[in-house]
Amino acid sequence: MNELKKVMVIGGGIAGLTTAYELSLFGVHVDLIEKSCFLGGHAIGYSCKAAEECVQCGACSVEDMLKKVVEQDNIDVHLSTEITSVQNGKTHKVTLSKSELSEDDKESALLRGFSINNKPLNVIINKETCGSIPEGSVDYSELGFEGEIEVDAVVLATGFSAFDASIKSQLSYKEFDNVINGLELEQIKRETGKLLRPSDGKQAKKIAFIQCVGSRDERLGNLWCSQVCCSYALKTARSLKYKDQELDVTVFYMDIQNTGRDFPVFYEKCKDDIKFLRTIPADIYPAENDDLLIRYMVEEDGNPANETYDLVALSVGIMPGDDNEKISKLLGTGLDSDGFITNGGAGTDQEGVFVTGTATGPANISTVIAQSDQAACEVLKYLGVS
């Protein structure tokens, strides 16, 4: 019989969830560390993008895996927790502490998880201002683990950071309520089943998607393609159009990336419902009724043009995780020239430390799941578990 092995998985997004669950199936005890108040990462806020049929967006896969993890006895979940020091050796002694809330979360009375499978479902930040306390809530002070855990291996699944679109000041993100990023669009659609304008709660009727915000940008030094933006934006746009045939959708783009075997056929279908403009807007200005005027150059003749929309969605790029530099120093791993964690077939420069998912670079949900299955196999091989 195999000796009980212990593994720490750092990051509770789809990569961390998948790795933790696969390891647990082989009797490995997993400590799953998540610095936020909820499991699921960015992807748990994604909405279903099915139109007349499933388009394999992966959103339901995240929900299914989250449910499996919280029901698994040999996975201990530590929310609002982060690593502060590591002693590498034959085993890894990891010191953990309670993580800090973001500035935005500190201003909230109550934080809500996107998934009904999250435990807790709600986290109370300020009892004095949150009003009635919903069922399934816990006080933030009850979360967080302080202490040291010794494990046989560590898996980094720390995910990515979304590009801060306010850096591109001409796009007016955070200046106008109805300029949102792709993650915010997903969350609105998931919560309401519709695409409602933040400014007034009315259903959007004329939408512009702007691609490659933060990716493939030489001025910023972000030369990589985020790979998922074209597919996710078009699947979202077509899903919205399918439910509301009167919806007017325009996609501003540099070029459309082919992201899979079936994508060319899907792209041709999109052309029937969606207007494509091969240009990136120069500026966004306010218009009447909280609408937005987009100024752009017409590709054919180079002349300026204006068009008004009631909602603008920015397809922000996948950036290296905010903690990548800190994590790499603590665990002795390397970073590539763009700031993603380097790996060699799930392994890192440090023995017993593995990495998976978008911590290593842009990838879609299905790719991340496949990478994480492979990472779990590499960990089991390293541990001698069969």
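General observations
- Segment 197-276 - percent of accessible surface contributed by carbon and sulfur, probe 1.4 Å: 45
- Net dipole in debye of segment 252-292 [+1 Lys, Arg Cβ; -1 Asp, Glu Cβ; about Cα centre; nearest 20]: 340
- Qualifying trypsin sites (Lys or Arg not before Pro) for segment 287-386 [loop in DSSP, other Cβ within 10 Å: at most 14]: none
- In Å², nearest 10: area of His78 left accessible to a 1.4 Å probe: 30
- For Gly317, net neighbour charge (Lys/Arg +1, Asp/Glu -1) across residues whose Cβ lies under 14 Å away: -1
- Whole-number percent relative contact order across segment 249-386, with pairs defined as alpha carbons under 8 Å at least 6 apart: 12
- For the chain, the relative contact order works out to 19 percent when only alpha carbon pairs closer than 8 Å and six or more residues apart are counted.
- In this structure, the amide hydrogen of Lys202, modeled 1.01 Å from its nitrogen in the peptide plane, lies closer than 5 angstrom to those of Arg197, counting only residues at least 5 positions away or on a different chain.
- Between helix 14-24 and the chain: long-axis angle, C-alpha atoms, 0 to 90°, nearest 10: 30
- Normalised convex hull volume, segment 227-386, alpha-carbon set, Å³ per residue: 174
- Sparse-neighbour loop sites [GluC sites (Glu not before Pro); segment 143-216; at most 14 other C-beta within 10 Å; DSSP]: Glu146, Glu175
- Cα long-axis angle, helix 59-70 against the chain (0 to 90 degrees, to the nearest 10): 20
- The GluC sites (Glu not before Pro) of segment 15-88 that DSSP puts in a loop, and whose beta carbon has at most 16 other beta carbons within 10 Å, are Glu52, Glu53, Glu71.
- Per-residue extension of 0.36 nm, minus the Cα-Cα distance of Lys202 and Asp272, leaves a gain of 22.6 nm for this segment.
- Scalar couplings 3J(HN,Hα) for segment 320-329, obtained by applying the Karplus form with A = 6.51, B = -1.76, C = 1.60 to θ = phi - 60°, are x, x, 4, 9, 4, 5, 4, 4, 5, 6 Hz; x denotes Gly and Pro.
- In segment 20-89, the ratio of gyration radius to Kirkwood radius, Rg to Rh, stands at 1.08 when only Cα atoms are counted.
- Protein heavy-atom surface of segment 57-138, 1.4 angstrom probe: 45% of the accessible area is carbon and sulfur, with nucleic acids and ligands not counted.
- Our coupling estimate for segment 84-100, obtained by passing each phi through the Karplus curve with A = 6.51, B = -1.76, C = 1.60 and θ = phi - 60°, is 10, 7, 9, 10, 7, x, 4, 10, 10, 9, 10, 8, 10, 8, 5, 7, 8 Hz, Gly and Pro reported as x.
- In degrees, nearest ten, helix 182-192 long axis to first principal axis of the chain (Cα): 90
- For the chain: accessible area per residue (Å², 1.4 Å): 47
- For Kirkwood radius over Cα pairs in Å, computed directly from the structure shown, the correct entry in (i) 21.5; (ii) 22.7; (iii) 22.1 is (iii).
- Relative contact order, percent, segment 70-209 [alpha-carbon distance under 8 Å, six or more residues apart]: 19
The values are calculated or read from the model by the stated rules, or taken from the named source; none is laboratory data. Values in this document were obtained by computation on a predicted structure and should not be read as measured data. Heads up, the Cβs are rebuilt from the backbone with ideal geometry, glycines too, and the neighbour counts pull from every protein chain shown. These area figures cover heavy atoms from the full protein model, side chains too; ligands, DNA and RNA do not enter into them. Shrake-Rupley method; radii C 1.70, N 1.55, O 1.52, S 1.80 Å.
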